[in-house]
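These notes concern the structure reproduced below.
Derivation of every value follows stated rules applied to the coordinates shown; laboratory data play no part. This structure is a prediction, so every number in the text was calculated from the model and none was measured. All Cβ positions, glycine included, derive from the backbone under ideal geometry; neighbour counts span all protein chains shown.
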Ligand code: LFR
């Protein structure tokens, strides 16, 4: 029998999961009790998350776990970063949260730089410049009565936690994604907030991962059949932070790729590395568990394929991810390459069309069939991983002996192999459910079952999770050539 059990709510951009973790003998065994699609909704005013549906499905998941009769010791919520809800003075949600891919942030970087030079923003926050950041989303709301009515800003995991417990808190790892925090002190960057003319009073107390948020509200306990008083723990509530906790690394000489809708490529540091090199390569210093810094770069990730798939499905051609992987495997290598991080790929839309346009504009012959498109995307991602890895090593002076790939993208075995080939490093892939596992491990830590991050990672390695090793294959010279081509394409696309 399990010593104890924890419940992880893990919300991703494509789907949400509720995962039960049975903890015994220093190992965590996972059981997915509920999974639901996360489908954004387009309204005339923009692209939104369906946050009411999400909280309903979270409750359905809690109910399923509770009905299993398992004694659950605590529950934690993690989700994607940067997005938020605003509460009014009565604690009511003011409007439906926006999706970070909504284009209303266009031009907001320029507005921000008028108020504080780009260098100073980076020097303060250490966060990479991306239009999706909370900073630019809030600037886009300037003058809105919604912002005027706001008393409290809660990032998505904190918002769900609030609806479950009635308690408000700003968890540190999630807050660190906003580009509104001081990377050194870990608090809100009050001077920056002021210069940006943002209402300082909506940013509440920041709490570290592992903080007890409070018990489930009696009404939620009743609705779900969960035991009254079930504690909710603020975990490393940024999904990427949870995923990095569950990297099965044996020492500090590793890089990680948290592979899902986004690919987060980087290293773990004892403190932020804020330097001009990091700003130019657009690396971020996000907060990690146990006082660590996640020094990483957002690479556009499997979003490119997800969006192709959606476009093809609308045209009546349905491909599963497995089918696409098979077609990509069969397609010839060495074709056209993309810079996956070109801004034209960020918003939802006709991704195959944009990929063709990118190729024409960089004087490459565009991929045709879905298998060729998928091959082009996967090779480009693997080569951009190499670029990111080399920059991370250059800036931090570390050397990654192994690249750990974690998250849903682990299932894409072709991408894992291409990653080993392109980076010329051994790749260790797994666990697939790193985010949920990291979420559960931080709860076990908070309840006193595990000590340091090292102990947590040892427990990850003991846990019944699948790990697969990939060695670099193919010719190093050919991959060096492909890498030079990627760099040429990146330069051509930047001009
Ligand atoms: C991954 C992730 C990234 C963040 C992006 C948007 O799921 O959380 O870390 O940059 O989504 O929130």
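How big is D, in µm² s⁻¹, for region 303-449 by Stokes-Einstein at 4 °C and 1.567 mPa s if Rh is the Kirkwood radius over C-alpha pairs? For the chosen part, D equals 77 µm²/s. Pull up the DSSP beta bridges for region 1-110 and report the antiparallel fraction as a percent, rounded to 5. Here the antiparallel bridges make up roughly 75 percent for region 1-110. Treating each Cα of the chain as one equal point scatterer and applying the Debye formula with no solvent, the log10 of I(q)/I(0) at q = 0.11 Å⁻¹ comes out as -0.91. What is region 120-276 by shape, rounded, prolate or oblate, if you read a ≥ b ≥ c off the alpha carbon gyration tensor as root eigenvalues and call it rounded for a/c under 1.5, prolate for a/b larger than b/c, and oblate otherwise? Note, shape of region 120-276 comes out oblate. Distances between every pair of Cα atoms in region 420-465, grouped in 5 Å steps from 0 to the bin holding the largest one, split as 5, 20, 26, 18, 12, 10, 5, 3, 1 percent.
Decide, for region 114-190, between rounded, prolate and oblate: order the square roots of the alpha carbon gyration tensor eigenvalues as a ≥ b ≥ c, take rounded if a/c falls under 1.5, and otherwise choose prolate if a/b is larger than b/c, else oblate. The shape class here is oblate. The shape of region 74-116 comes out prolate: with a ≥ b ≥ c from the C-alpha gyration tensor, a/c is at least 1.5 and a/b beats b/c.
Where does each of 207, 489 land when they are ranked from fewest to most other beta-carbon atoms within 10 angstrom? Before the final figure, lay out each step's value.
On the way: 207 17, 489 23.
By the 10 Å Cβ count, ascending: 207, 489.
The length gained on full extension between residue 53 and residue 113, counted as 0.36 nm times the residue separation minus their Cα-Cα distance, comes to 17.9 nm.
Note on the chain: helix-only mean residue ellipticity at 222 nm, from DSSP H runs of 4+ residues weighted -39500 (n - 2.57) and normalised by residue number, equals -11500 deg cm²/dmol.
Using the reciprocal of the averaged 1/r over all distinct C-alpha pairs, how large is the Kirkwood radius of region 296-364 in Å? Could the numbers behind the result be given before it?
Values: mean 1/r = 0.0764 Å⁻¹.
Kirkwood hydrodynamic radius for region 296-364: 13.1 Å.
Taking the convex hull of the alpha carbon atoms in region 226-280, what volume per residue do you get, in Å³?
On the way: hull volume 8.6 nm³, N = 55.
Considering the Cα atoms of region 226-280, their hull volume per residue is 156 Å³.
Separation of region 433-494 from region 215-287 is 13 Å, based on Cα centroids.
Most simply put, the chain has about 70% antiparallel DSSP beta bridges, counting only bridges with both residues inside it.
Computed over region 5-97, the P(r) curve from all C-alpha pair distances, binned at 10 Å from the origin, holds 15, 41, 29, 13, 3, 0 percent per bin. Each 5 Å bin from zero up to the one holding the largest Cα-Cα distance in region 396-437 carries the following percent of pairs: 6, 24, 28, 20, 15, 7, 0. Calculated from the alpha-carbon coordinates, region 345-402 shows an Rg and a Dmax of 14.9, 42 Å respectively.
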